[in-house]
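Some notes on the structure that comes next.
The values are calculated or read from the model by the stated rules, or taken from the named source; none is laboratory data. This is a predicted model, so every value here is computed, not measured. Neighbour counts run over all protein chains shown; Cβ positions are idealised from the backbone, glycine included.
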Amino acid sequence: MSVPPNAETPVQEARRSLAAQLGTSPDAITVVAIDPRDWPDTSLGCPEPGQTYAQVVTPGYRVVLSHASRHNVFHTSMAHAVRCPSDPP
């Protein structure tokens with residue numbers, strides 16, 4: 001899948017994060033889908049219990065990555081990515 005130029009940094013961050021979690025190379029991870037989003041706050045749609053988040057609209061992406069036939073969903077800002085297991089692929 002082709003990554004839009006303005007999404008390159010967030011997608012690279014998501015790939016690096018997943019690679020670190022799986023103990024593999026970012027090159028072993030493929031991009032399945034990229035959808036632009038405006039998250040309602042800085043939790044990027046994946047709030048952690050007990051945490052507080054700035055209530056500002058945060059532009060970013062919903063990124064679906066694949067490794068070993070398993071899909072993983074990440075929510076990103078323009079510079080940060082979080083794995084969001086509560087968001088099904």
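Anything in region 22-49 that is exposed (fewer than 13 other Cβ atoms within 10 Å of the Cβ), part of a loop (DSSP other than H, G, I, E, B) and modelled with pLDDT of 95 or more? List them, or say none. Hits for region 22-49 are GLY23, SER25.
The residues of region 54-70 that are out of contact with any Phe, Trp or Tyr (no Cβ under 9 Å at 6 or more places or on another chain), surrounded by fewer than 15 Cβ atoms within 10 Å (Cβ to Cβ) and either assigned to a strand (DSSP E or B) or among the aromatic types (Phe, Trp, Tyr) (or both) amount to a single one, ARG70. Could we say that ALA14 is part of a helix (DSSP H, G or I), under 15 Å from THR76 (Cβ atoms) and modelled with pLDDT of 95 or more here? Here the answer is yes, as ALA14 does meet what is asked.
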